[in-house]
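Notes follow once the structure below has been shown.
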């Protein structure tokens, strides 16, 4: 979703890396909830996105705190943490898949539930990153990212939110497709805002913004399948092997070899889980002479054999429709 095909030179290495970051919806739900109502969203491997079109509601955060969301607000839970949405903190909540729902166009599910009070209109999505869950950028993101701060500083955002609210309220031709695209754009804007304004000057982001180390990280992230040597990485920074290794470890917090190995195995896990590649194919993609050698390296870095992930199919089912709905 943050992918940018422009050939313009990146302002800095972090911006260059973010050009390859994509966030795409896989399930969408439109919910018409009448008070009193509450929806539980269990933890899931994909991100949760919610847009509140009318009358507002309450969000129970992963830290078990209640936060008021007004109409026109949106939230993203990038790591899919468990949470709830409700008409009031004391409302009884139940899983979304327990509510009455009907599939409509463009992969959207219509859901209705609640009592006989005022109606709240929600739109939600379950979203996939093209990054492994252990990627340092995802690990640094907060559990909840809210739109209200971004809307105040980004003049282009309020019209997007207004358009979402209009499309939700009217059953016009093509509304489903427009909604799904708007949701993807708004979620991407939240992440960009966090990177530019809120992710701070510590950790991996600080390393990515370092003029020298950032160039190295950008090169590795552009081509994680390459068999990077310390000498090749040092050449990017125009430094000797020893001085580069010391500088990299002090800024990033681990050795170049360890960082590259982790990134390559994160890519391998993505291929196994998301793309359902065979282990032998992944091994060849990463340049290993045998499947056994790759499996040993994978288990050493990830902590489990690749067969465990190859056998795991992501559960994009009714439970995820529920998460989408809340993302209204």
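Worth pointing out:
- Matching helices (runs of 4 or more DSSP H) fully within the stretch 256-315 where at least 3 residues are at pLDDT 90 or above and under 29 Å from residue 239 (Cα atoms): 256-273
- Looking across the stretch 242-261 at every residue that is loosely packed, with under 15 Cβ neighbours inside 10 Å and more than 18 Å from residue 205 (Cβ to Cβ), the one that is nearest to the chain's Cα centre (by Cα) is identified as 258.
- Top-ranked residue of the stretch 18-32 - restricted to ones that are more than 12 Å from the chain's Cα centre (by Cα) and within 30 Å of residue 119 (Cα to Cα), ranked as modelled with the lowest pLDDT: 27
- Residue satisfying condition, being farther than 28 Å from residue 304 by Cβ and touching a residue at least 12 places away in the same chain (Cβ under 8 Å), within set 287, 214: 214
- Within the stretch 105-122, the presence of at least one residue that is surrounded by 15 or more Cβ atoms within 10 Å (Cβ to Cβ), touching a helix residue (DSSP H, G or I) at 6+ places or on another chain (Cβ under 7 Å) and at pLDDT 80 or above is confirmed.
Rundown of residues vs (1) within 26 Å of the chain's Cα centre (by Cα); (2) within 23 Å of residue 231 (Cβ to Cβ); (3) outside the structural domain of residue 208 (by TED's automatic domain parsing), yes/no style:
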position	(1), (2), (3)
272	yes, no, no
275	yes, no, no
283	no, no, no
287	no, yes, no
292	no, no, no
295	no, no, no
302	yes, no, no
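- Residues that are more than 26 Å from residue 163 (Cα to Cα) and more than 21 Å from the chain's Cα centre (by Cα) within the stretch 33-63 comprise just one, 36.
Residue by residue, here is whether (1) crowded, with 21+ Cβ neighbours inside 10 Å; (2) closer than 25 Å to residue 154 by Cα; (3) out of contact with any helix residue (DSSP H, G or I) (no Cβ under 9 Å at 6 or more places or on another chain); (4) in the same structural domain as residue 140 (by TED's automatic domain parsing) holds:
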| position | (1), (2), (3), (4) |
| --- | --- |
| 54 | no, yes, no, yes |
| 60 | no, no, yes, yes |
| 65 | no, no, yes, yes |
| 68 | no, yes, yes, yes |
| 74 | yes, yes, no, yes |
| 82 | no, no, yes, yes |
| 89 | no, no, yes, yes |
| 92 | no, no, yes, yes |
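The values are calculated or read from the model by the stated rules, or taken from the named source; none is laboratory data. Predicted model only: the values in this text are computed from it and were never measured. We place every Cβ from the backbone using ideal geometry, glycine too, and count neighbours over all the protein chains shown.
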